[in-house]
Each structure stands twice: as structure tokens, then as C-alpha cells.
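Input: a single structure, listed below in C-alpha cells.
Computed from the coordinates by the stated procedures, all read-outs in this text should not be read as laboratory data. Bear in mind the structure is a predicted one, so any value in this text is a computation, not a measurement. Every residue, glycine among them, receives a Cβ derived from its backbone with ideal geometry; neighbour counts consider all protein chains shown.
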Amino acid sequence: MCGPALPLCLLLFIGGTHGKVTAPANLKAEVGRPLLLTCNITTTSRDTVHQVRWLNKQDKVLLAYEQSTPLRISHQDPNVQLTTSNKDASYITIKRVRPDDEGCYRCVFDVFPSGHQEARTCVSVTGKVRQEGNKTAVSGKSTTLSCWYSLPERVQQVLWRKTAEQGDTTTVASHARHGHHSVAEQFEGRVDLSRTLGDTQLTVQQVRTEDEACYTCEFHTYPDGTKSATTCLSVYVLPKPEVSHVASSSGFTEANCTAQSRPAADITWDVGGENKTLGPPVSSSYDQGDGTTIVTSTLLFQSGLLSEHSIKCIVHHPGLEKPLTAFVNTNMGSAMVILLSVCGVAAILLLCLCVCLCKCFICTDD
């Protein structure tokens with residue numbers, strides 16, 4: 001078909017079958033995370049890939065290896081590892097992306113007899129927001145919420161928002177690179193915002209139950225755009241148990257243990273020794289409208305227990321390191337023994353004092 005032009009046809013055929021390398025044109029990478037770079041090559045049956053090289057934006061070789069058996073690596077950057085290699089593909093992983101890893105990377109296949117073939121991938125590096133996670137604060141005390149952005153030099157402004165359980169969102173405070181600093185009027189005097197950009201701390205003084213909400217720290221950056229993270233704050237009101245008891249003429253006593261807290265407390269009893277209670281305790285709870293709940297536990301027992309054992313009300317709450325204990329009574333038998341012992345010691349001391357005075361002043365002969 002080509003006739004006299006056969007040599008030209010063969011040249012065009014050979015030129016059209018050179019290897020072709022494909023790679024993603026653009027990728028986004030997050031600081032501190034691994035990044036996978038991929039290249040694929042299409043070759044003819046006549047082509048043989050002898051060597052693969054990966055170069056960074058400064059044309060510095062990150063990884064170079066020969067397609068032999070076994071594979072022979074001639075150069076490898078400490079932060080780069082070869083993930084996959086075969087005659088049609090080469091994948092490498094940057095183990096931990098750094099801010100200066102932003103730029104274009106080239107994968108070069110040295111092919112015989114076609115010559116080297118290459119493709120390019122350009123990587124843009126973005127930062128990452130880190131925060132402490134959800135927190136719990138105790139009513140009346142202070143708490144601090146913290147966020148960090150891994151590329152602080154890109155942050156132009158930091159802004160904190162509060163989202164209540166009902167879904168209402170309000171701006172709490174903000175700080176900008178050029179010195180603008182503000183705290184919303186409703187939070188003035190109780191909320192402090194650090195004058196920093198890469199790491200930001202929001203401190204709430206004298207925490208109230210209405211401070212329970214989810215708080216979002218927003219980093220307004222260039223060129224990454226807005227990056228944010230959310231942490232939720234739970235507010236505890238610790239219980240202060242109160243106990244009382246009333247005896248009846250029928251020989252039974254009713255003891256009540258009451259605790260107001262947020263969230264609701266769990267109350268148990270310890271009567272010690274032989275169980276002389278009249279059934280299990282009965283609990284009731286009442287929401288107070290301010291987020292707290294009053295829990296009352298009632299225990300009915302034989303009145304003789306008051307003189308035989310110490311009866312304890314034990315209050316459990318997630319905000320306490322250990323349960324609180326309130327006594328309905330003290331062990332009267334033990335108290336009587338202690339009282340008699342103290343009186344006996346006092347009588348002996350008084351007798352000794354009398355003897356000493358007698359010898360010194362009264363019973364001495366002139």
C-alpha cells in the first residue's frame with residue numbers, strides 16, 4: 001500500500017508505537033500523611049524498561065532502580081519507599097508529607113530502544129486541623145478548648161463558633177493576623193481567646209450548664225481555604241448528697257438520700273451486717289429545668305439497725321473520681337465504747353492531779 005514510500009511508512013509505524021507514560025496530573029496531600037504517586041507505561045513487545053527514576057521539583061532523584069531480577073535500587077530518599085514495580089507501572093510512597101514537598105514530580109522510564117519516556121504529577125500540600133477531642137467540664141470551674149493547624153504560616157484568621165443542642169450557631173470570638181481581636185458581647189468577661197493563629201485556645205471561665213454545646217474552630221487560610229474541627233463540651237454539676245431519717249412507732253425507720261446533679265446521680269445503700277431492710281430502695285427523679293436532676297432514694301429498715309450498724313448512702317456520678325458517702329447514723333455501740341474510754345482516761349488523769357496537789361500543798365507537814 002505504501003509502494004515506494006515503504007521506508008517512510010515503517011518509520012511512522014515505529015514512531016507511533018513508542019511507550020506512553022500516564023500519571024495523575026494533580027494531587028492533594030495532607031501534611032504529616034503518606035502520599036502515593038503512580039505512573040503507568042504502555043510499551044510494545046520490542047521495548048524493554050531498563051531503569052525507572054523519580055525526580056522532585058528540583059530534579060533531585062528521589063528513587064532510582066533497575067528492572068532486573070532481583071530489583072536493584074541505586075538511589076533512595078529516606079522519606080520515599082517503592083510500593084509497586086512491574087514492567088507496566090511504578091508506584092512510590094512519600095512516607096510523611098512535609099510543607100516543602102509541594103511541587104511537581106516526574107517519573108522517567110528509560111526504555112530500550114525507544115529512549116526515555118516520562119509523565120508529571122503536580123502535588124499541592126494542605127494543612128491538617130488537630131484538636132483534643134470532646135471534653136467535660138465541672139460547673140463553676142474553667143476549661144480550655146484547643147485547636148492546631150499544621151501550616152500556621154498560611155492562617156489569616158481564627159474564628160470560634162458555638163452550636164447549641166437546638167442547632168443555633170453563634171460566633172464566640174475571633175483573632176486575625178493583622179491584630180483584629182474580638183469576643184462576642186454575650187461572652188465578654190467569661191471567655192478568653194488566645195492571640196495566636198497556628199494554635200488557638202478558647203478558655204471559658206466559671207462554666208455554666210448553658211455552655212454545654214459543640215464548638216468549632218475555623219482556620220481561614222490562604223491558599224487552603226477554610227479548615228475546621230469541632231469538639232463538644234459536656235458540663236457536669238457534681239452532687240452534694242443529703243440524708244435524713246424518720247423513725248415510726250411501729251419499729252421501722254425511713255431513710256432518704258437526695259442528690260441534685262447533672263447528669264442524674266445513681267444512689268445505692270450499704271446497711272452492713274445482716275440485711276434487715278424491708279425490700280429494695282425506691283428511687284424517684286425530678287428534672288429541675290436548669291439541666292440538673294434531683295434523685296431521691298428511700299430505704300425502709302428495722303430501727304434496730306441504727307444502733308447496730310453504720311448505714312451509708314453511696315452516690316455515684318461520672319464527674320467524681322470516687323463515689324461520695326453520706327452516713328445516716330454512726331455505729332452507736334462503737335460510739336458508746338469510745339465515750340466510756342475517754343471518760344475513764346479523764347477520770348484517771350483527774351485523780352493523778354489531785355494526788356499531786358495533795359502532796360505538794362495540802363498533805364505536806366510544816
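The distance from the alpha carbon centre of the stretch 192-208 to that of the stretch 92-123 is 43 Å, rounded to a whole number.
Set the bar at 19 Å for Cα to Cα. Now go through K60/K87; K60/K128; K141/K240; K28/K60; K128/K162 and name every pair that lies beyond it. Display every interim value, and only then the final one.
Working: K60/K87 23 Å; K60/K128 27 Å; K141/K240 16 Å; K28/K60 21 Å; K128/K162 21 Å.
Exceeds cut-off: K60/K87; K60/K128; K28/K60; K128/K162.
Each other residue within a Cβ distance under 10 Å of V207 adds +1 if Lys or Arg and -1 if Asp or Glu, for a net charge of 0.
Note: relative contact order over the stretch 32-79, using C-alpha pairs below 8 Å and six or more positions apart, is 24 percent.
Taking 0.36 nm per residue of separation and subtracting the Cα-Cα distance, full extension of the segment from T22 to I314 would add 98.1 nm. By definition, a body whose alpha carbon gyration tensor gives a ≥ b ≥ c is prolate when a/c is 1.5 or more and a/b is larger than b/c, and the stretch 242-333 fits this prolate description. When you restrict to C-alpha pairs under 8 Å that are six or more residues apart and normalise by the size of the stretch 242-333, the relative contact order lands at 32 percent. The equivalent ellipsoid of the stretch 33-98 has semi-axes of 22, 12, 11 Å, largest first, where each one is the square root of 5 times an eigenvalue of the Cα gyration tensor.
How big is the charge dipole of the stretch 129-236 about its Cα centre, in debye rounded to the nearest 20, if each Lys and Arg gets +1 on its Cβ and each Asp and Glu gets -1 on its Cβ?
Details: 11 positive and 13 negative charges, 48 e Å.
Approximately 240 debye in magnitude.
Expressed as a fraction of 2.2 N^0.38 Å, the C-alpha radius of gyration for the stretch 129-236 is 1.01. The amide H of H116, built 1.01 Å from its N in the peptide plane, has V111 as neighbours under 5 Å, considering only residues 5 or more places off or on other chains.
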